[in-house]
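Peer 1: Dropping the structure in here first, questions after.
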Amino acid sequence: MSDSWAQAVDQQELAAVTLGNLHLGDEKSKPPGSPTKLVVPPLEPPEEKGEEIPKTDTNGVVNNGDSPEKPEDDDKEDRAAQSLLNKLIRSNLVNNTNQVEVLQRDPNSPLYSVKSFEELRLKAQLLEGVYNMGFNRPSKIQENALPMMLAEPPQNLIAQSQSGTGKTAAFVLAMLSRVDPAHKYPQSLCLSPTYELALQTGKVIEQMGKFYPELKLAYAVRGNKLERGVKIQEQIVIGTPGTVLDWCSKLKFIDPRKIKVFVLDEADVMIATQGHQDQSIRIQRMLPRDCQMLLFSATFEESVWRFAQKVVPDPNIIKLKREEETLDTIKQYYVQCNNRDEKVQALCNIYGAITIAQAMIFCHTRKTAGWLAAELVKEGHQVALLSGEMMVEQRAAVIERFREAKEKVLVTTNVCARGIDVEQVSVVINFDLPVDKDGNPDNETYLHRIGRTGRFGKRGLAINMVDSKHSMNILNRIQEHFSKKIEKLDTDDLDEIEKIAN
Ligand SMILES: Nc1ncnc2c1ncn2[C@@H]1O[C@H](COP(=O)(O)OP(=O)(O)OP(=O)(O)O)[C@@H](O)[C@H]1O
């Protein structure tokens with residue numbers, strides 16, 4: 001009897017934790033409302049299955065149908081959702097100190113790079129747009145990519161750099177620069193992998209083109225129904241492959257032979273969606289030979305490269321390596337427990353002994369994450385829970401609140417937090433150690449969770465919870481892999497805990 005009562009309380013509290021951190025009705029993904037500038041994009045979701053967002057519904061809910069006990073399956077995480085999440089929470093350029101690698105189509109032509117936007121001789125309206133967005137100087141990738149993209153005669157480009165390094169801003173500038181506002185037909189065309197990503201890029205186009213009101217933008221996304229026989233007058237079109245293909249061929253809203261710049265954004269996300277690769281290639285085949293082709297990708301695996309070569313003839317290539325993560329500046333500890341209740345107790349002891357500004361706690365399953373969040377709330381902590389069944393906007397809102405330090409503890413599973421940098425986190429706790437599908441140590445994930453790139457530099461603290469022979473074995477193998485000692489921490493000894501904070 002008392003047990004079931006306790007369970008009911010648990011469930012209620014869990015629900016409270018979850019709801020407490022959701023920002024329902026977040027408007028971020030709604031199409032921008034500037035009726036004079038838009039062919040009104042749909043408020044309703046894309047309709048056709050398999051077109052825009054295969055594993056999410058139109059609000060970004062990940063429908064992977066996992067039972068809550070199972071670990072979240074990495075492969076099922078939607079790349080498009082991840083990319084959107086990163087865009088929604090990012091407020092700044094991601095710094096990268098690595099050298100840019102440039103491969104020129106014609107190695108004899110001089111290689112230009114710019115240190116200021118003035119050097120690009122942009123139209124005054126565009127330069128004003130750039131400064132109005134708060135950009136003072138080109139980002140690392142923009143230094144090389146912009147002169148190439150704006151060169152005469154136009155050159156093709158394949159560019160790869162991690163998310164947040166300024167690719168979108170770069171190609172938007174190229175798209176806007178090449179358009180002649182006197183001509184009332186599409187001249188710049190950009191393909192995005194999903195409806196939501198198209199809207200995000202559309203926002204950048206609108207912001208950057210703010211002082212150039214003659215330039216108009218149309219959204220070729222599903223749900224945006226136009227009357228038959230209509231010809232698009234907007235000079236810039238952003239859309240998803242299925243709809244753009246229809247608009248260019250079957251419906252003839254766009255004359256593809258008049259396109260001067262063709263951008264394929266997020267190529268790695270694009271090819272992860274069935275059908276998009278073929279549709280993109282079919283669109284590309286309709287474009288004139290002298291159309292400038294630009295392709296961007298955050299990663300560059302073999303499949304992306306093959307696709308890129310099919311759609312971008314004679315390309316220049318620019319690559320910017322990811323910043324390496326390292327464990328050098330991290331103090332690593334483990335705590336030995338017998339079960340998960342002891343792990344919670346150990347956590348509470350740690351919190352009782354040292355002041356932790358902000359911590360991220362990783363669990364193996366959503367269920368554990370939910371349970372742990374509820375336990376920590378009971379102990380009086382302000383906890384944010386990030387879980388796979390949340391909509392992308394909700395996840396973004398949780399991370400945003402955490403970044404603003406509205407909560408001090410973020411409990412999450414690996415899949416949810418992948419690729420998300422919350423710079424101020426000083427302590428990372430592996431409530432469960434990262435393992436792959438076969439139960440082997442997942443060293444890469446371990447490094448991602450607790451590693452720091454050179455730019456963060458600060459010393460960090462990582463605490464691993466061990467609760468069985470098996471997890472001890474995993475820990476040992478991780479230790480061997482990185483050749484870095486993970487010290488034992490006795491969480492019953494307050495003095496010892498205090499020492500680790502110094
Ligand atoms: N030169 C710049 N100076 C300052 N901020 C910039 C500059 N270029 C871009 N940004 C800003 O940095 C952030 C990342 O830029 P952008 O979205 O273009 O990167 P990206 O490489 O396209 O990443 P993603 O593909 O994830 O969108 C944005 O907030 C953008 O406004």
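Peer 1: Take the alpha carbon gyration tensor of segment 91-215, find the square roots of its eigenvalues, order them as a ≥ b ≥ c, and report rounded if a/c is under 1.5; if not, report prolate when a/b exceeds b/c, else oblate.
Peer 2: Working: a/c = 1.42, a/b = 1.24, b/c = 1.15.
Judged from the Cα gyration tensor, segment 91-215 comes out rounded (a/c under 1.5).
Peer 1: Then there is this: For segment 131-183, rounded, prolate or oblate, judged on the Cα gyration tensor with a ≥ b ≥ c (square roots of eigenvalues), a/c < 1.5 rounded, else prolate if a/b > b/c?
Peer 2: Details: a/c = 2.01, a/b = 1.28, b/c = 1.58.
Taking the square roots of the gyration eigenvalues as a ≥ b ≥ c, segment 131-183 is oblate.
Peer 1: Which part of segment 180-224 falls in the paramagnetic zone of residue 112, meaning amide N under 19 Å from the point 7 Å along Cα-to-beta-carbon?
Peer 2: Residues passing the 19 Å test: 180.
Peer 1: Still on this model: Quickly rank 78-87, 170-179, 205-214 as a protection proxy: mean count of other C-beta atoms within 10 Å, highest first. Spell out each step's value before the answer.
Peer 2: Working: 78-87: 22.5, 170-179: 24.2, 205-214: 17.8.
In descending order of packing, they fall as 170-179, 78-87, 205-214.
Peer 1: Another question, then. Based solely on C-alpha atoms, express the radius of gyration and the Dmax of segment 228-309 in angstrom.
Peer 2: Radius of gyration, then largest Cα-Cα span, for segment 228-309: 12.9, 41 Å.
Peer 1: While we're looking at this one, here's another question. Set the Förster distance to 60 Å, then compute FRET efficiency between residue 495 and residue 184 from the Cβ-Cβ distance, nearest 0.05. Display every interim value, and only then the final one.
Peer 2: On the way: r = 76 Å, r/R0 = 1.26.
Efficiency at R0 = 60 Å is approximately 0.20.
Peer 1: Then there's this: Take the alpha carbon gyration tensor of segment 333-372, find the square roots of its eigenvalues, order them as a ≥ b ≥ c, and report rounded if a/c is under 1.5; if not, report prolate when a/b exceeds b/c, else oblate.
Peer 2: Oblate is the answer for segment 333-372, as a/c is 1.5 or above yet b/c matches or exceeds a/b.
Peer 1: Taking 29 Å as the cut-off for C-alpha to C-alpha distance, list the pairs among 115/484; 123/310; 167/310; 167/408; 184/225; 252/319 that go past it.
Peer 2: On the way: 115/484 40 Å; 123/310 32 Å; 167/310 21 Å; 167/408 32 Å; 184/225 20 Å; 252/319 36 Å.
Flagged as over cut-off: 115/484; 123/310; 167/408; 252/319.
Peer 1: Let me ask you something else. Using R₀ = 30 Å, calculate the FRET efficiency as 1/(1 + (r/R₀)^6) where r is the Cβ-Cβ separation of residue 299 and residue 443; round to 0.05.
Peer 2: Working: r = 19 Å, r/R0 = 0.63.
E(calc), rounded to 0.05, equals 0.95.
Peer 1: In µm²/s, what is D for segment 301-376 at 4 °C and 1.567 mPa s, where D = kT/(6 pi eta Rh) by Stokes-Einstein and Rh is the Kirkwood radius from Cα pairs?
Peer 2: Details: Rh = 17.4 Å.
Reported coefficient: 74 µm²/s.
Peer 1: Hey, any idea what % of segment 208-308's accessible area is carbon plus sulfur with a 1.4 Å probe? Can you show the working numbers first?
Peer 2: Details: 2010 of 4200 Å².
Carbon with sulfur: 48 percent of the solvent-accessible area.
Peer 1: Right, here's the next one. Could you work out how much longer the chain between residue 322 and residue 378 gets when fully extended? Use 0.36 nm per residue separation minus the Cα distance between them, nm to one decimal. If you can, show how the numbers build up before the last one.
Peer 2: Working: separation 56, 0.36 × 56 = 20.16 nm, distance 4.02 nm.
Difference between extended and current length: 16.1 nm.
Peer 1: Still on this structure, please answer the following. Please give the charge dipole size of segment 211-341, origin at the Cα centre, charges +1 on K and R Cβ atoms and -1 on D and E Cβ atoms. Round to the nearest 20 debye.
Peer 2: Values: 20 positive and 18 negative charges, 164 e Å.
Dipole about the Cα centre, nearest 20: 780 debye.
Peer 1: Remind me, what semi-axes does segment 268-333 give for its equivalent ellipsoid, largest first in whole Å, using sqrt of 5 times each Cα gyration tensor eigenvalue? Spell out each step's value before the answer.
Peer 2: On the way: eigenvalues 234, 44, 12 Å².
Semi-axes (√(5λ), whole Å): 34, 15, 8.
Peer 1: OK, next. Just want the answer: with Cβ charges of +1 for Lys and Arg and -1 for Asp and Glu, which residue in 368, 345, 356 is farthest toward the dipole's positive end in segment 335-382?
Peer 2: 368
Peer 1: So, one more: Stretch residue 472-residue 436 to full length: gain in nm at 0.36 nm per residue minus the Cα-Cα span?
Peer 2: Value of the extension gain: 11.4 nm.
Peer 1: Please list, by residue number, everything in segment 309-338 whose backbone N is under 17 Å from a paramagnetic label point 7 Å out along Cα→Cβ of residue 282.
Peer 2: 311
Peer 1: If you don't mind, there's one more thing I want to ask. Give, in nm to one decimal, the length gained when the segment between residue 488 and residue 207 is fully stretched (0.36 nm per residue of separation minus the Cα-Cα distance). Working shown, then result.
Peer 2: Values: separation 281, 0.36 × 281 = 101.16 nm, distance 5.24 nm.
In short, 95.9 nm is gained.
Peer 1: In square nanometres, what is one fourth of the surface area of the convex hull spanned by the alpha carbons of segment 201-341?
Peer 2: So the mean shadow area of the Cα hull is 15.2 nm².
The values are calculated or read from the model by the stated rules, or taken from the named source; none is laboratory data. Not measured: the values here are computed from a predicted model. Methodologically, a virtual Cβ is constructed for each residue, glycine included, from the backbone with ideal geometry; neighbour enumeration extends over all protein chains shown. For accessibility, only protein heavy atoms count, side chains too; no ligands or nucleic acids. Shrake-Rupley method; radii C 1.70, N 1.55, O 1.52, S 1.80 Å.
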